[in-house]
1. Probe radius 1.4 Å, ligands and nucleic acids left out: which of Arg25, Arg204 has the largest accessible area, and how do the rest follow?
2. What per residue convex hull volume, in Å³, do the alpha-carbon atoms of region 58-113 yield?
3. What are the extents of the Cα atoms of region 239-291 along their three principal axes, in Å, largest first?
4. Leaving out ligands and nucleic acids, and using a 1.4 Å probe, what accessible area per residue does region 73-128 come to in Å²?
5. Given H placed 1.01 Å from N in the peptide plane, which residues other than close sequence neighbours of Leu222 have an amide H under 5 Å from its amide H?
6. Quick one: net charge around His262, please, counting Lys, Arg +1 and Asp, Glu -1 for every other residue with C-beta under 13 Å from its C-beta.
7. For region 190-264 and region 1-73, write down the distance between their C-alpha centroids in whole Å.
8. At a 1.4 Å probe radius, carbon and sulfur cover how many percent of the accessible area of the chain?
Amino acid sequence: MSDGSAGAVESITVGTPDGASLALRVLPHADQAAPVVLVLPAMAIRAGFYLPLVTALRAAGLSAAVVDLRAQGDSKPSPREKPRFGYRELIEVDLPAVADALGRRLPRAPLHLFGHSLGGQLSLLFSAAEPDRVASVTTIGTGSVYWRSFQPSRRMTVLAQAQAVGLVCRLCGRWPGGGGIGPMTAGVMADWVRHSRTGRYRPRGSTRDYDGLLRELSLPLLVISLDRDPLGPEPTVRFLCGRMPSAAVTRWHIDCSSGLTHIGHASWVKDSDVLGPAVAAWITEGKAPRGRTVGHAARH
């Protein structure tokens, strides 16, 4: 591929059929047919936080993009308006609209998803429902939030915290933030709490069997866990991988042997100059990243 020196970050406003307005930033590679990686943020994290990763991916030979999730960052409506939406709208309304917008901007570029925490869950669920639109998925800091997926010593605490989040949302109409989770709308947190309590993906208002779709998902997945991540510890990541038995999964556990010095739930973005090229090599060559890699599977 060419060196990718051309171009700057482009801002695109993506409208949805139900009136939301999503802020999409695109950093195109000079080679318009280069794969494009769409980064999906974690709860309450603005898209701008991921610009070091977007820049590193472009420098490694890919186009890259990042979108503010609905009611986050520069996307509308504002969380202060207490909008009523949950996982269904994020997966079934917003992501198709963003994928369409990227397809219009880079029509020859295969779409790869990179999701952080909640963004990873959205990436997997969208890809499971619409696998023909996605070439691969990378997740980081994304485990199951099901309380039984945590190590035994934490299970009752996690269950109690989830129940408390649900109660606060019912009383306040939103989650004001706390416990490592930023401010979020009540509908998203209701779906999060339901998954934490039951282990099932049943977004309110959706008719899709997401658990069945995950079992059938056969795309290549790079699933990254972080050694110092209390929100997505390795047992929860292993549990989530077990829900996708048909996928071609490469598991990368980032510890001090991986070349990164920032290994927290969100601090990894400071080492995007290391992580970005590793993800790009996996996308373009199927090359397993350096460090402790578990279950490297052959790419389709």
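The values are calculated or read from the model by the stated rules, or taken from the named source; none is laboratory data. Nothing here was measured: the structure is a model prediction, and the numbers come from that model. With ideal geometry, Cβ positions are generated from the backbone for all residues, glycine too; neighbour counts draw on all protein chains shown. Side chains included, ligands, DNA and RNA excluded: accessible areas come from the protein's heavy atoms. Shrake-Rupley method; radii C 1.70, N 1.55, O 1.52, S 1.80 Å.
1. Numbers: Arg25 50, Arg204 110 Å².
Ranked from most to least accessible, the order is Arg204, Arg25.
2. Details: hull volume 5.3 nm³, N = 56.
Residue-normalised Cα hull volume stands at 94 Å³.
3. 33, 26, 17
4. Working: 2020 Å² over 56 residues.
Counting only protein heavy atoms, the per-residue value for region 73-128 is 36 Å².
5. When sequence neighbours closer than 5 places are left aside, the close amide H contacts are Val137, Thr138, Thr139, Thr250.
6. Details: positive: Arg228, Lys270; negative: Asp227, Asp229, Asp255, Asp271, Asp273.
For residues surrounding His262, the net value is -3.
7. One Cα centre to the other: 22 Å.
8. On the way: 6340 of 12110 Å².
Using a 1.4 Å probe with all protein chains present, the chain comes out at 52 percent carbon and sulfur.
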